[in-house]
Amino acid sequence: RWQAMFAPPTHSADPLEHALSWHLQGALAAVECEPWTGETESERAALRARLHCNMVAQLELAGNMCEWAVFAAMHLEDAGARNALVGELLGRHCEEWTGNPAKRAFLREVLRVPAQLLAATEAQRAFYGREWRAELGHCAAAGAW
């Protein structure tokens, strides 16, 4: 089965190594080659989503790579799941990207993460940090005021 081709044990001693599987799926999708022909569309979508989420988890666990985890998350096909996952990643790693202008620019300019989503995440961080003025400014930027 094609699923075995994407399983980490078929190409790596590390059972958490999903990079090759993720890139292979992306390359096959780019040439419009659908490897899972025997499954229903919903099963194929679930398999693709699992590959994306596994790659997100690998990048997140690598540490200090939140922008690349967001990059992988942006490949999810389901818009609702994609937005939820990107929001969660930004929230979990807020300290990492808010203090780094290069990462912030990458998120905003390259990945095109909406400025409102970044501002909403910063507002939440400011709320929990009891930084009321900063929260107010971020809420206004997010359009949530």
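The values are calculated or read from the model by the stated rules, or taken from the named source; none is laboratory data. In this text, all values refer to a predicted model and were calculated from it rather than measured experimentally. As a convention, Cβ positions derive from the backbone with ideal geometry for all residues, glycine included, and neighbour counts pool all protein chains shown. To get the accessible areas, we keep the full protein, side chains included, count just its heavy atoms, and leave off ligands, DNA and RNA. Shrake-Rupley method; radii C 1.70, N 1.55, O 1.52, S 1.80 Å.
Here are some notes:
- Share of pairwise Cα separations in the chain, more than 25 Å, in percent: 37
- Residue-averaged 222 nm ellipticity for the chain, from DSSP H runs of 4+ at -39500 (n - 2.57), nearest 500: -19500 deg cm²/dmol
- For the chain, built as a Gaussian network whose Cα springs stay under 10 Å, the top-fluctuating residue of A30, A72, A62: A30
- Annotation: extensible slack from R108 through A84 equals 6.9 nm (criterion: 0.36 nm per residue apart, minus Cα-Cα distance).
- Extension reserve of the R44-E77 stretch, reckoned as 0.36 nm per residue once the Cα distance is removed: 10.7 nm
- DSSP loop trypsin sites (Lys or Arg not before Pro) with at most 16 other Cβ within 10 Å excluded, longest remaining stretch of the chain: 2-111
- Per residue, the chain exposes 59 Å² of solvent-accessible protein surface, assessed with a 1.4 angstrom probe and all protein chains in place.
- Surface composition of the chain: carbon plus sulfur atoms contribute 59% of the solvent-accessible area (1.4 Å probe, protein chains only, all chains present).
- Placing R0 at 30 angstrom, the Cβ-Cβ distance between A141 and C53 gives a FRET efficiency of 0.55 after rounding to 0.05.
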